[in-house]
Amino acid sequence: LVSQILSTLSNKLWRTEADQIKILFASSVLMQFFKVWAVSAGQAILPWYYTLTMPPLIMWRIYTYTKQNWHYFCFDYCYFGNLAIFLILLFAPSCPNMFILQFCIANGLLYTGAFSFRNSLVFHSVDKMTSTYIHSAPVLLVFGIRWFPEEASRYWHTPFPAEFAPVSIQWNIVAPLIFCACHVVFYTTLVYGILRPGKDVITSFRYLKNTPIARKLFRKPRFYHFMFMQFFIVAVMSLVTLVTYTYYWLHVAQVLCLVAIVTWNGATYYVDVFRMSLIKQKK
């Protein structure tokens with residue numbers, strides 16, 4: 001039923017695939033301009049932007065990935081982390097220590113996930129733009145709250161901390177590691193203890209173990225290698241937050257690095273992949 005409704009709406013919105021690509025491309029580009037404005041001058045919009053866009057995009061992702069047997073990706077840390085950020089934003093926005101946890105989650109595995117899964121600004125692809133959004137939107141959200149708390153609080157139901165808590169080992173390092181451990185227990189129990197995916201189903205481990213970097217690091221990648229790397233990345237990025245949480249320009253540099261990599265990956269796609277597919281179609 002859902003598939004039929006979406007198909008009917010799709011046919012009404014655009015008649016050809018070319019129309020679809022044009023509309024998606026234009027709307028995606030306009031959304032990037034909107035996010036640049038929101039981060040630089042309209043920080044009051046960021047909490048509402050994240051709150052209103054994250055749930056429907058996650059629901060769409062679950063729906064589309066289930067159809068492709070990729071739904072086990074939706075149990076990954078990225079979704080677990082976004083859920084935590086979403087709940088803290090709604091129910092504990094004024095708690096300084098919870099914000100540090102938010103900050104570390106967003107600038108930890110969520111941040112590096114954009115590199116691991118080669119997120120890219122491919123403006124006509126809902127799937128690729130959604131993946132980029134899942135890893136980048138929390139980073140932009142906590143950036144706006146951390147450095148412009150008064151402006152970010154303007155339209156929100158509860159003001160964000162007027163004075164943020166100082167960095168600490170407890171909240172900048174220990175808390176993110178405990179959060180990561182909770183996800184590992186949840187993921188391992190659910191996916192490999194209860195659901196036990198068949199060989200035809202793709203999980204994040206099955207995807208990442210075939211990447212060049214995994215083959216360089218481990219001869220035969222195993223699931224416990226994947227878990228170890230997850231803890232290692234959280235620990236390293238938590239150490240990085242000790243300075244990015246404290247110094248504005250270092251955090252700006254971190255955000256710009258993320259923007260640069262997803263832009264480069266998008267350019268690579270259009271030049272190396274999209275262009276070649278068009279050449280093959282002409283032939």
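Considering every residue within region 115-133, establish whether at least one is within 14 Å of Ile233 (Cβ to Cβ), touching a Gly at 6+ places or on another chain (Cβ under 6 Å) and open to solvent by less than 50 Å² (accessible area, probe 1.4 Å).
From region 115-133, those within 14 Å of Ile233 (Cβ to Cβ) are 115-117; that's our starting set.
Checking which are touching a Gly at 6+ places or on another chain (Cβ under 6 Å) leaves us with none.
Taking every residue of region 115-133 in turn, none turns out to be within 14 Å of Ile233 (Cβ to Cβ), touching a Gly at 6+ places or on another chain (Cβ under 6 Å) and open to solvent by less than 50 Å² (accessible area, probe 1.4 Å).
Among the residues of region 209-221, is there at least one that is farther than 14 Å from Tyr111 by Cβ, charged (D, E, K, R) and touching a residue at least 40 places away in the same chain (Cβ under 8 Å)? No, there is no match, as no residue in region 209-221 is farther than 14 Å from Tyr111 by Cβ, charged (D, E, K, R) and touching a residue at least 40 places away in the same chain (Cβ under 8 Å). Considering each residue of region 153-163 in turn, none proves to be in a helix (DSSP H, G or I) and not polar (S, T, N, Q). Within region 140-157, the only residue that satisfies the criterion of being hydroxyl-bearing (Ser, Thr, Tyr) and open to solvent by less than 40 Å² (accessible area, probe 1.4 Å) is Ser153. The residues of region 203-232 that are open to solvent by less than 90 Å² (accessible area, probe 1.4 Å) and charged (D, E, K, R), listed by number, are Arg206, Lys209. Against the numbered list (1) part of a helix (DSSP H, G or I); (2) among the β-branched types (Val, Ile, Thr); (3) open to solvent by less than 10 Å² (accessible area, probe 1.4 Å), Thr51 comes up short only at (3). Of the listed requirements (1) under 13 Å from the mean Cα position of the chain (by Cα); (2) in a helix (DSSP H, G or I), Tyr72 misses just one: (1). Restricted to region 204-240, and to residues that are closer than 16 Å to Ala114 by Cβ and not hydrophobic (A, V, I, L, M, F, W, C), which residue is modelled with the lowest pLDDT? Step by step, filter region 204-240, then rank; the result is Thr211. Considering only residues in region 75-94 that are in a loop (DSSP other than H, G, I, E, B) and in contact (Cβ under 8 Å) with a residue 60 or more places away in the chain, the one that is surrounded by the fewest Cβ atoms within 10 Å (Cβ to Cβ) turns out to be Ser94. The helices (runs of 4 or more DSSP H) found entirely in region 165-278 that carry 2 or more residues being more than 18 Å from the chain's Cα centre (by Cα) and aliphatic (A, V, I, L, M) are 175-187, 212-217, 223-244, 248-268.
The values are calculated or read from the model by the stated rules, or taken from the named source; none is laboratory data. Nothing here was measured: the structure is a model prediction, and the numbers come from that model. Using ideal geometry, Cβ is built from the backbone for each residue, glycine included, and neighbour counts are taken over all protein chains shown. The protein model used for the area step is the full one, side chains on, heavy atoms only, and it has no ligands, DNA or RNA in it. Shrake-Rupley method; radii C 1.70, N 1.55, O 1.52, S 1.80 Å.
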